[in-house]
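Novice: Before we start, here is the structure in question, set down as structure tokens.
The values are calculated or read from the model by the stated rules, or taken from the named source; none is laboratory data. It should be emphasised that the depicted structure is a prediction, and the values quoted were computed from it without experimental measurement. Don't worry about glycine lacking a Cβ; one is built from the backbone with ideal geometry, like all the others, and counts go over all protein chains shown. To get the accessible areas, we keep the full protein, side chains included, count just its heavy atoms, and leave off ligands, DNA and RNA. Shrake-Rupley method; radii C 1.70, N 1.55, O 1.52, S 1.80 Å.
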Amino acid sequence: MKTLYKNILSSISEGRKLLAVLIDPDKMAINKVPGFIKKVNQSRATHIFVGGSTVDDDVTERLVIEVKKHTKLPVVLFPGDVTQISDKADALLFLSLISGNNPEYLIGKHVQAVSKLRTSNLEVIPTGYILVENGKQTAVERVTQTKPLSRDNTQQIVDTAKAGELLGMQLLYLEAGSGALDPVPIEIISFVKKDSRVPLIVGGGIRSQQQLEMAYKSGADLVVIGTAFEDDESFFNELKK
Ligand code: 1GP
């Protein structure tokens, strides 16, 4: 049943905020999965995202299978590349990097993905992915050869998000980049939220409960956190159910 997007919409209408724990298959050994997922299950996390900028073939699928053995939370692919698409997950963020001008990440990779998606049961969710400058170069920037949008040009970010919505994106993702020095500024989150009608995901550089709450308060519907859990799993203790 393809209910993930519907569930996101119902959560928003009921005022429930969502939290995704991001697992990078490149950084998580399979034998660490059970212990890690146990902590995820005890936390307020509502989704597990799986993906990374550079991941070897088949690693993602093995990880997804192992994760699914230990949780009922939906597993959503957040792929850095076509090779990270696995039928074993529940859904796929079909990311279009609308902040950049690289056709490969606007449409090229998507065309390559179709032969896999045509025969899969994955719920495919078109997502406008917007990279916002954070103070240092991120993996997304390096891999996609695109520049992030300047954090000083809020209007450009708001217009980019709106253009994504008008193109039919069902989600918008404001991304500061994995391990960002500074998360997406709260004013930017709030302006984008006010101007758009689709659910808003925010991620990159969020390391504290306070930053998480600020992101929610300014309009994020779903926050993604990866590095903070990779660096210190005790962060889960602050985010208990
Ligand atoms: C990265 O938005 C995600 O693509 C999460 O970022 O790893 O900094 O939490 P962090």
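Novice: Excluding residue 162 itself, calculate the net charge of residues whose Cβ lies under 15 Å from the Cβ of residue 162, where each Lys or Arg counts +1 and each Asp or Glu counts -1.
Specialist: Working: positive: 193, 194, 197; negative: 159, 165, 195.
Counting the neighbours of residue 162, the net charge comes to 0.
Novice: Taking a quarter of the surface of the Cα convex hull of the stretch 87-188, what do you get in nm²? Can you show the working numbers first?
Specialist: Values: hull surface 27.4 nm².
Spelled out: convex hull of the Cα atoms, projected over all directions, averaged, 6.9 nm².
Novice: Leaving out ligands and nucleic acids, and using a 1.4 Å probe, what accessible area per residue does the stretch 129-186 come to in Å²?
Specialist: Here the per-residue accessible area is 44 Å².
Novice: What share of the DSSP beta bridges in the chain is antiparallel, in percent to the nearest 5? Could the numbers behind the result be given before it?
Specialist: Details: 1 of 34 bridges.
So the antiparallel bridges amount to about 5 percent of the total.
Novice: OK, next. In the stretch 71-131, which trypsin sites (Lys or Arg not before Pro) are in a loop and have at most 10 other Cβ atoms within 10 Å, using DSSP for the loop call?
Specialist: Passing sites in the stretch 71-131 are 72, 118.
Novice: Quantify, in whole percent, the carbon and sulfur part of the accessible surface of the stretch 37-92 (1.4 Å probe; protein heavy atoms only).
Specialist: Working: 1110 of 2350 Å².
C and S atoms contribute 47 percent here.
Novice: Using a cut-off of 15 Å between beta-carbons, work out the net charge of the residues near residue 116 (Lys and Arg +1, Asp and Glu -1, residue 116 not included).
Specialist: That works out to -3.
Novice: Further question on the same structure: Find the Cα radius of gyration of the chain, compare it with 2.2 N^0.38 Å by division, and give the number to two decimals. Before the final figure, lay out the partial values.
Specialist: Values: Rg = 16.4 Å, N = 241, 2.2 N^0.38 = 17.7 Å.
Output field value: 0.93.
Novice: Then there is this: When the helix-only estimate is applied to the chain (DSSP H runs of n ≥ 4, each -39,500 (n - 2.57), divided by the residue count), what is the mean residue ellipticity at 222 nm, nearest 500 deg cm²/dmol?
Specialist: Details: 9 runs with 85 residues, N = 241.
Computed ellipticity for the chain at 222 nm equals -10000 deg cm²/dmol.
Novice: OK, next. Please turn the phi angles of the stretch 59-65 into ³J(HN,Hα) values with the Karplus equation 6.51 cos²θ - 1.76 cosθ + 1.60 (θ = phi - 60°), one per residue in order, whole Hz, x for glycine and proline.
Specialist: So the Karplus estimates, Gly and Pro as x, are 5, 4, 4, 4, 5, 4, 4 Hz.
Novice: List the pairs from 6/136; 68/116; 17/193; 39/136; 39/194; 116/147 whose alpha-carbon separation is above 24 Å, in the order I gave them.
Specialist: 6/136; 39/136; 39/194; 116/147, as the Cα separations exceed 24 Å there.
Novice: How far is it, in nm, from the label point at residue 152 to the one at residue 30 when both lie 7 Å from their Cα along the line to the Cβ?
Specialist: With each label placed 7 Å out from Cα toward Cβ, I get 4.9 nm.
Novice: Next question, about the same structure. Setting aside same-chain residues fewer than 8 positions from residue 69, which aspartates and glutamates have a Cα under 18 Å from its Cα?
Specialist: Result set, ordered by chain and number: 24, 58, 61, 87, 90.
Novice: Compute the distance in nm between two label points, each set 7 Å from the Cα along the Cα-to-Cβ direction, one at residue 182 and one at residue 7.
Specialist: Label-label distance for residue 182 and residue 7, simple model: 3.6 nm.
Novice: Next up: Return a whole-number percent for the relative contact order of the stretch 4-239, with Cα pairs under 8 Å and 6 or more residues apart as the contact set.
Specialist: Computed over the stretch 4-239, the figure is 17 percent.
Novice: In a shell of Cβ-Cβ distance under 10 Å around residue 171, excluding residue 171 itself, what net charge do Lys and Arg (+1) and Asp and Glu (-1) give?
Specialist: Values: positive: none; negative: 165, 221.
Net of charged neighbours comes to -2.
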